[in-house]
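The values are calculated or read from the model by the stated rules, or taken from the named source; none is laboratory data. Values in this document were obtained by computation on a predicted structure and should not be read as measured data. Ideal geometry is used to build each Cβ from the backbone, glycine not excepted, and the neighbour counts take in all protein chains shown. Quick note on the areas: whole protein, heavy atoms, side chains included, nothing else; ligands and nucleic acids left out. Shrake-Rupley method; radii C 1.70, N 1.55, O 1.52, S 1.80 Å.
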Amino acid sequence: MVNVCSAYFETKDGVRLHYLEAGVGPTLIILPGWTQPASSFQAQLEGLSGEFHCLALDFRGHGNSERPSYGYRLSRLTEDLREFLDHCEVEDATLLGHSAGCAIIWNFVDLFGEGRVHAHIFADQMIARIKMPGWSDTQCRRYGATVTGAEAIDQAATLAGPNGEEMLRQFLSSEFTPSFPKAEIEKIVAGSLAVPRDYAAKLMLSISYSDYRDVLPRIRRPTLCITGAASPLGAEAMPWIASQIPHARLSVIGAAEGGSHFMYLENPEAFNAEVRNFLTEVY
């Protein structure tokens, strides 16, 4: 039985953040996506902790962390990550981001460089969500850009409004393959709803307006990009991201194997195997 420990630390702006920890060995920092709790990575904490020191962070407002009224933007969450590394005295970590967790890593690299990073794992995130004037359809597919600025604002307003819960349920349900049990999706929805919807809306806009295309060519650490064949990002986004990072490798989990946006939940064995094989090579 794997011993997964629960702990807290306080950020410099006075917010108590929760994290989960298991295992010994090279450090793997797991950063969940938008509104998702660290506990959703239970299968990774259990499955990878035999070889690695696994840490999964609940961002502010998420999971079991405090829910202050401020700081729901990528810049503050990136600083929370930096302070988390300081708290854990980590100087050589692999950063694994799922969905918006990737954006936080890209922002971290942009602001602080890769001096404390051993390797990166990026799991299914667009590099730019908002379609800009002048971008071709091909560019939008490669970047994962699917909405206009006005549509992003409307989505955030709906999320924060009286119909927000139903919007969130539909949004998350679309990110699983049809074979994934509906009862399990409801658990994911419940975890997501723990984030106050007006805070979630602010963070959604911050993520939507980010564009890290210029960061990718500057990444020098070993990198694994993981996507699913049935990902709502489409077939081109993660392959394009991998092509922009020097020497990055790409892994695609098949649709029949649970390869959609939440592939780490639908097929944790396949996801963990990809992570384990990559880390075994780079350490």
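Taking all protein chains together, Val4, Val24, Val252 sort by accessible area into Val24, Val252, Val4, largest first [probe 1.4 Å].
Accessible surface of Arg276, taken over heavy atoms with a 1.4 Å probe and every protein chain present, rounds to 60 Å².
Each residue was assigned an accessible area with a 1.4 Å probe, and for Arg213 the value is about 70 Å². Ligands, DNA and RNA are left out, and with a 1.4 angstrom probe the accessible area of the chain is 40 Å² per residue. In the chain, the DSSP-assigned H stretches of four residues or longer account for a calculated mean residue ellipticity at 222 nm of -12000 deg cm²/dmol, using -39500 (n - 2.57) per stretch and the full residue count as denominator. The magnitude of the dipole of the chain, with charges of +1 and -1 set on the Cβ of Lys/Arg and Asp/Glu and taken from the Cα centre, is near 540 debye. With θ taken as phi - 60° and the Karplus curve 6.51 cos²θ - 1.76 cosθ + 1.60 applied, the whole-hertz 3J(HN,Hα) list for the stretch 117-127 is 10, 8, 7, 10, 10, 10, 10, 6, 9, 6, 8 Hz, x standing for glycine and proline. Rounded, prolate or oblate: pick one for the stretch 168-283, where a ≥ b ≥ c are the square roots of the eigenvalues of its C-alpha gyration tensor, a/c under 1.5 means rounded, and failing that, prolate if a/b is larger than b/c, else oblate. Taking the square roots of the gyration eigenvalues as a ≥ b ≥ c, the stretch 168-283 is oblate. Positive end of the dipole of the chain (Cβ unit charges, origin at the Cα centre): among Pro178, Asn3, Tyr283, the Cα lying farthest that way belongs to Pro178. Shape of the stretch 16-119 from its Cα gyration tensor (a ≥ b ≥ c, root eigenvalues): rounded if a/c is under 1.5, otherwise prolate when a/b > b/c, or oblate? Taking the square roots of the gyration eigenvalues as a ≥ b ≥ c, the stretch 16-119 is oblate. Once the C-beta distance of Glu151 and Ser174 is scaled by a Förster radius of 22 Å, the resulting FRET efficiency is 0.90 to the nearest 0.05. On full extension, the segment bounded by Arg82 and Val24 gains 18.8 nm, given 0.36 nm per residue less the C-alpha separation.
When the chain is fully extended, how far beyond the present Cα-Cα distance does Trp135 get from Glu91, taking 0.36 nm per residue of separation?
11.9 nm
Distances between placed amide hydrogens fall under 5 Å for Ile121 paired with Leu95, Leu96, Gly97, Leu224, all partners being 5 or more residues away or on another chain. The HN-Hα couplings worked out from phi for the stretch 249-259 by the Karplus form 6.51 cos²θ - 1.76 cosθ + 1.60 (θ = phi - 60°) are 10, 10, 10, 10, 8, x, 4, 5, 9, x, x Hz, whole numbers, x standing for Gly and Pro.
Take Trp135, Trp106 and sort them by solvent-accessible surface of the protein heavy atoms, 1.4 Å probe, largest at the top.
On the way: Trp135 50, Trp106 0 Å².
Order by accessible area, largest first: Trp135, Trp106.
Here the average projected area of the convex hull drawn through the C-alpha atoms of the chain stands at 13.7 nm². Our coupling estimate for the stretch 214-224, obtained by passing each phi through the Karplus curve with A = 6.51, B = -1.76, C = 1.60 and θ = phi - 60°, is 6, 7, 4, x, 8, 6, 10, 7, x, 9, 10 Hz, Gly and Pro reported as x. Distance between the C-alpha centres of the stretch 69-104 and the stretch 220-283: 20 Å, rounded to the whole angstrom. Structure remark: mean-square fluctuation, Gaussian network model of the chain, C-alpha springs under 10 Å; the largest value among Gly61, Gly47, Gly101 belongs to Gly47.
Quantify, in whole percent, the carbon and sulfur part of the accessible surface of the chain (1.4 Å probe; protein heavy atoms only).
Reported share for carbon and sulfur atoms: 51 percent.
Taking a sphere under 12 Å around the Cβ of Ser39 and counting the other residues whose Cβ falls inside, with K and R at +1 and D and E at -1, yields a net charge of -1.
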